[in-house]
Amino acid sequence: MTWRPQYRSSKFRHVFGKAATKENCFDGVPITRSVQDNSFCAINPRFLAVITECAGGGAFLVLSTGKVDPQQPRVSGHRGNVLDIKWNPFNDCCIASCSEDATVKVWEIPPHGVYKNITVPWKELQGHSRRVGLIEWHPTANNILFSTAYDYQIMIWNLDCPEPVIKNPVRTISHHPDVVLSMSFNTDGSLLATTCKDRKVRLMESRSGTLIKAKLGLGIERSVFLIRRCRVLLREHWISVSVLIFSVCCLHQRRVGLDDLSAPLLEDNLDGSSGVIFPFYDPDTHMLYLAGKGDGNIRYYEISTEKPYLHFLTEYRSQLPQKGLGVMPKRGLDVSSCEIFRFYKLVTIKSLIEPLSMIVPRRVSVAQKWQTPLHKEKQTSKLNTFHRPDVEYFSESAVHVSPVGVVPRGPLSNDGWKQACSDCRGVARWHGQRLEEKKDCA
């Protein structure tokens, strides 16, 4: 039996990254120099927010498009450096920020943009005793915010109360003996996965805070939920709740692991770099994007339910290293140009924010090519003109070609009729010559 290579069919094998032009980039942005392992920016279809470098407290910019003015108004109300910002998924004009001053503040942005400095927040959350490093909005419950700080606690806040300053969280989760490095919700927000500096990955209920499982991971990690669906007996079921783990182990090897609730499914080495990996998972296309802090490339994979579970597609390469990455929600993508994902790269060395679109090339059939404006123009020109070797193209305003010869188009003068008749005789003579040539050939 001869050996034949096995090729896996994929709709996203030829996905490629397309960087935006200079006119569509955000230039002159004073990106923060903080060493916190966060994305430092947040994007929605209306605004782009980025943490900036400033003196005398923390601040961030809210931009729409174009080059950034050095005197651009900012959102500044924290007494310490801002460490993380997140847009409310239910309100494009509401953003939350956390800072080294141990507070979380929620801001209301005017729909037309920021034209003056904003210093008074809509809500201020006071409950942590040390600096707050991460915040996450609940994906399905409005005005529910999760925050974690260097006091090793996760607090759940309800913003529907009328008080401008909230000091008592709804619930406090205290399962971590060290700093929480990442938080990730599943699709419906019922489960929360966290990674901690003690090298353990914990899975818990987001509403009650009950710990479901704690497992020793690969190292200092970040996690992201992978949820896939399948059809069994015409009904839809969850086949698994998997957590994808990224770590930097003691041997300075970046590793990736896929873990189910019952047993580990996959563990593999990526490369020898030491930067933190930012994972981004698209549940619609089942694609996973891996971008390292300080790297210039972005790898993307496809997740499947069969071994080896993780299939490498290709990677986008650039000479500009990224300090952080933001992702546009699906409702802000340009689907007419086959865009399935969009990154916003923070390039500190150029004070630039560069949009990067991931595009699936679409196969164009012959019928679609024939309907393009170029082919339509060629088709029209062939049908509306008649060519003779010894006579130039006829004037379309004077005559047109019919099966019986050249017929005048509208009333003509005597000279026009004479010209048309001579053309008719020329056409008949030319056709006669062609018929004689065909008879000779036969």
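The values are calculated or read from the model by the stated rules, or taken from the named source; none is laboratory data. Since the model is a prediction, treat every value here as computed from it, not as a measurement. Neighbour counts are summed over all protein chains in view; Cβ atoms, including those assigned to glycine, are modelled from backbone coordinates with ideal geometry. Areas reflect the complete protein model, heavy atoms only, side chains present, ligands, DNA and RNA absent. Shrake-Rupley method; radii C 1.70, N 1.55, O 1.52, S 1.80 Å.
Going by the structure shown, is residue 210 open to solvent by less than 10 Å² (accessible area, probe 1.4 Å), at pLDDT 90 or above and polar (S, T, N, Q)?
It is false that residue 210 is open to solvent by less than 10 Å² (accessible area, probe 1.4 Å), at pLDDT 90 or above and polar (S, T, N, Q).
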Residue set 100, 53; condition in contact with a Gly (Cβ under 6 Å, 6 or more places away or on another chain) and open to solvent by 60 Å² or more (accessible area, probe 1.4 Å); output residue 100
Pairs returned, first residue in segment 3-29 that is within 16 Å of residue 347 (Cβ to Cβ), second residue that is modelled with pLDDT under 90 and open to solvent by 90 Å² or more (accessible area, probe 1.4 Å), beta-carbon separation under 6 angstrom, 6 or more apart or interchain, are 27/67; 28/67
The residue that is nearest to the chain's Cα centre (by Cα), considering only those in segment 317-334 that are closer than 25 Å to residue 11 by Cβ and open to solvent by 30 Å² or more (accessible area, probe 1.4 Å), is 327
* **Meets criteria (surrounded by 18 or more Cβ atoms within 10 Å (Cβ to Cβ), of a type outside the set (S, T, N, Q) and at pLDDT 50 or above) for residue 257** => yes
Given (1) more than 24 Å from residue 36 (Cβ to Cβ); (2) open to solvent by 40 Å² or more (accessible area, probe 1.4 Å), residue 181 misses just (1)
Flagged in segment 78-129 as outside any strand (DSSP E or B), of a type in the set (A, V, I, L, M), free of Cβ contacts under 8 Å to residues at least 60 places away in the same chain and farther than 16 Å from residue 157 by Cβ, in numbering order, are 114, 120
*Being open to solvent by 10 Å² or more (accessible area, probe 1.4 Å) and touching a helix residue (DSSP H, G or I) at 6+ places or on another chain (Cβ under 7 Å), is that true of even one residue in segment 72-90?*
no
The residue that is most open to solvent (accessible area, probe 1.4 Å), considering only those in segment 299-310 that are touching a residue at least 12 places away in the same chain (Cβ under 8 Å) and not hydroxyl-bearing (Ser, Thr, Tyr), is 308
Of those in segment 25-37 that are surrounded by fewer than 23 Cβ atoms within 10 Å (Cβ to Cβ) and of a type outside the set (A, V, I, L, M), the residue farthest from residue 70 (Cα to Cα) is 37
Being within 21 Å of residue 206 (Cβ to Cβ) and either aromatic (Phe, Trp, Tyr) or touching a Pro at 6+ places or on another chain (Cβ under 6 Å) (or both) narrows 107, 122, 87 down to just 87
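On the given criteria, is residue 335 free of Cβ contacts under 8 Å to residues at least 12 places away in the same chain and among the β-branched types (Val, Ile, Thr)? Please lay out each step first, then the result.
Values: free of Cβ contacts under 8 Å to residues at least 12 places away in the same chain: yes; among the β-branched types (Val, Ile, Thr): yes.
For residue 335, the condition - free of Cβ contacts under 8 Å to residues at least 12 places away in the same chain and among the β-branched types (Val, Ile, Thr) - is met.
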Within segment 271-298, residues over 23 Å from residue 213 (Cβ atoms), in a strand (DSSP E or B), open to solvent by 20 Å² or more (accessible area, probe 1.4 Å) and in contact (Cβ under 8 Å) with a residue 24 or more places away in the chain come out as 280
If you go through 67, 18, 22, the only one that is open to solvent by 10 Å² or more (accessible area, probe 1.4 Å) and touching a Ser or Thr at 6+ places or on another chain (Cβ under 9 Å) is 18
Going through (1) surrounded by fewer than 22 Cβ atoms within 10 Å (Cβ to Cβ); (2) touching a Lys or Arg at 6+ places or on another chain (Cβ under 6 Å); (3) not aromatic (Phe, Trp, Tyr) one by one, residue 110 fails only at (2)
